[in-house]
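Each remark here refers to the structure printed beneath this line.
The values are calculated or read from the model by the stated rules, or taken from the named source; none is laboratory data. Keep in mind that this is a model prediction, so the values were computed, not measured. When we count neighbours, we look across all protein chains shown, and the Cβ atoms used for this are built from the backbone with ideal geometry, even at glycine. Protein only, heavy atoms only, side chains kept; ligands, DNA and RNA dropped before computing areas. Shrake-Rupley method; radii C 1.70, N 1.55, O 1.52, S 1.80 Å.
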Amino acid sequence: PNARTCEQYGLDAVKMLLRVHMDDERSLKTIQYCADGIRDMNTIDRPIFIEPLPVVPTEKGYKVDADPQKLIQLISVSSALGDSSRNIWLKIPFTEEFDRVVASTTLPTVILGGGKSHSKQEFLGNLQQALDTGRQVRGTMIGRNMLYPKDSEPLEMAEAIGKVVHRNEIPVL
């Protein structure tokens with residue numbers, strides 16, 4: 001959506017997925033679209049959640065590359081897009097060396113749910129670890145790990161995530 005559409009429908013924020021393959025020059029167009037979108041949204045002072053994901057090509061399409069250094073590089077690019085970073089929030093996946101990844105930015109950050117976890121307890125533990133890494137980590141935006149949890153109901157998982165985020169407590173499911 002653009003700024004006019006957001007105002008028309010009363011949207012409070014937008015989310016942009018910034019998938020970049022560093023060796024593919026077509027990624028420059030994606031970066032330019034995001035920069036233009038940020039400038040547009042800044043005209044109405046709405047938050048923009050950018051999900052910077054380095055990707056690599058596979059036989060089935062693109063796959064997220066969870067290499068911390070590549071994520072740090074793309075976070076740096078994301079932080080500089082548009083005419084101002086005043087409304088930019090980052091939505092980043094939990095990865096190895098997450099503390100180093102988070103330390104690479106001062107922008108407010110939310111944790112991306114990532115791929116489907118092997119276990120609920122692993123997911124909740126990773127979420128707690130991510131939330132403990134820095135002041136700029138403000139919360140989560142969880143999708144499939146909450147909606148389609150392994151061996152439990154979505155409400156149970158939503159309540160467990162709420163306990164991690166708001167009470168610093170990892171429940172046993």
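Across the chain, C-alpha contacts under 8 Å between residues 6 or more apart give a mean separation that, scaled by the residue count, equals a relative contact order of 16 percent. Ordering Leu11, Thr140, Tyr62 by Cα displacement along the dipole of segment 1-160 toward the positive end leaves Leu11 in first place; charges were set at the Cβ atoms of Lys, Arg (+1) and Asp, Glu (-1). Taking the accessible area of the chain, probe 1.4 Å, and keeping the other protein chains in place, the carbon and sulfur fraction comes to 49%. Size check on the chain: the Cα extents along the three principal axes, sorted descending, read 45, 39, 30 Å.
Of all the Cα-Cα pairs you can form in segment 53-129, what percent are over 15 Å apart? For segment 53-129, the fraction of Cα-Cα distances above 15 Å is 59 percent. Each residue of segment 129-146 was assigned a 3J(HN,Hα) from its phi angle through the Karplus curve 6.51 cos²θ - 1.76 cosθ + 1.60 (θ = phi - 60°); the sequence is 4, 5, 5, 8, 7, x, 4, 6, 6, 9, x, 9, 9, 9, x, 4, 5, 9 Hz, with glycine and proline shown as x. Here the dipole of the chain is about 200 debye; that uses its Cα centre as origin and unit charges on the Cβ of Lys and Arg (positive) and Asp and Glu (negative). Counting Lys and Arg as +1 and Asp and Glu as -1 over every other residue whose Cβ lies under 12 Å from the Cβ of Leu112, the net charge comes to +2. Taking 19 Å as the cut-off, the amide N atoms of segment 89-113 that come nearer than this to a point 7 Å along the Cα-to-beta-carbon line of Met22 belong to 92-105.
Restricting the calculation to Cα atoms, segment 94-173 shows an Rg/Rh of 0.95 when the hydrodynamic-style radius is the Kirkwood one.
Only helical runs count toward this figure. For the chain, summing -39,500 (n - 2.57) over DSSP H runs of n ≥ 4 and dividing by all residues gives -12000 deg cm²/dmol at 222 nm. Placing a pseudo-label 7 Å from each Cα along the Cα-to-Cβ vector at Tyr9 and Glu153 gives an inter-label distance of 3.0 nm.
Checking the cross-link pairs Lys63/Lys120; Lys29/Lys163; Lys29/Lys150 against a 30 Å limit on the alpha carbon distance flags Lys29/Lys163; Lys29/Lys150 as lying beyond it. Accessible area per residue for segment 80-173 is 55 Å², calculated with a 1.4 Å probe on protein heavy atoms, without ligands, DNA or RNA. Under 10 Å, Cα contacts only: if you run a Gaussian network model on the chain, which one of Ala35, Ala80, Ala66 comes out with the highest mean-square fluctuation? Taking springs between Cα atoms under 10 Å, the residue moving most is Ala80.
A simple count of charges around Asn2, restricted to other residues whose Cβ falls under 10 Å of its Cβ and scoring Lys, Arg +1 and Asp, Glu -1, yields -2.
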